[in-house]
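Scroll down for the structure; my scribbles are underneath it.
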Amino acid sequence: MSATTAPATLEGTWALDPIHSTASFAVKHMVVSSFRAGFKQVDATFEAQGDDVRLTGTVPVESIDIEQADLRGHVLAPDFFDVANTPNIEFVSTSVRRAGDDAVTVEGDLTIRGVTRPVSATGTLMGPVADVSGADRVGVELETTVDRTAYGLNWNAPLPKGGFAVANDVKLAVHLEFVRQEA
């Protein structure tokens, strides 16, 4: 099978290719710009059995990629993620719906800081496609926006002329690449 020939089915279990996968967030900072950060580790699985499609993922909060030690420490502390008590961000899908060729909507339960809330994310589901070695691959790219305070990330500081240091709305993005597992 050539690298451009797509297998006909998503059927099976797909393991994450961590080298080609990321999880990140962006939040408005000081009203004027967006602070962006990612995580150095992400784990996820993608499973399809007939019409039942499931996407699950875990991100160790400790793997947050913030170089500045004081800021990193504050983000990991109880004011934000409270990594000592809630070390992971977790996601379990409840619905994966394709619309058209590549568009996808994924609904599920997102747990941050021990609080679980339903979320809906949109993006693309590409593939399956055979890579240069013949292994089947699928790509999933999703974005959603959540209110961080709904997950207990409440720290903030008022600015002298109005507004707050950190916005409540946080844009989450995942870019995941999966490899089909042999049966």
### Task
Could you let me know the centre-to-centre spacing of region 99-118 and region 123-183, using Cα atoms, in angstrom?
9 Å
### Task
For region 90-183, run through the GluC sites (Glu not before Pro) and keep only the ones in DSSP coil with at most 12 other Cβ atoms within 10 Å of their Cβ.
182
### Accessible area of the chain divided out per residue, in Å², using a probe of 1.4 angstrom
55 Å²
### Message
Please compute the contact order of the chain in relative form: average sequence separation of alpha-carbon pairs under 8 Å and at least six residues apart, divided by the residue count, as a percent.
### Response
27 percent
### Message
Using Cα springs under 10 Å in a Gaussian network model of the chain, which residue among 123, 73, 114 shows the largest mean-square fluctuation?
### Response
73
### Message
Could you work out how much longer the chain between residue 124 and residue 79 gets when fully extended? Use 0.36 nm per residue separation minus the Cα distance between them, nm to one decimal.
### Response
12.8 nm
### Query
Who wins for biggest fluctuation among 12, 127, 163 in a Gaussian network model of the chain, springs between alpha carbons below 10 Å?
163
### Summary
Given Cβ charges of +1 for Lys and Arg and -1 for Asp and Glu, the option among 134, 21, 144 whose Cα lies farthest towards the positive end of the dipole of region 1-158 is 144
### Among 82, 52, 136: highest mean-square fluctuation, GNM of the chain, C-alpha pairs under 10 Å
52
### Message
As an exercise, take the mean of 1/r over every pair of distinct alpha carbons in the chain, invert it, and state the Kirkwood radius in angstroms.
### Response
17.6 Å
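The values are calculated or read from the model by the stated rules, or taken from the named source; none is laboratory data. This is a predicted model, so every value here is computed, not measured. Cβ: placed from backbone, ideal geometry, glycine included. Neighbour counts: every protein chain shown. Surface accessibility is based on the protein's heavy atoms, side chains included, excluding ligands, DNA and RNA. Shrake-Rupley method; radii C 1.70, N 1.55, O 1.52, S 1.80 Å.
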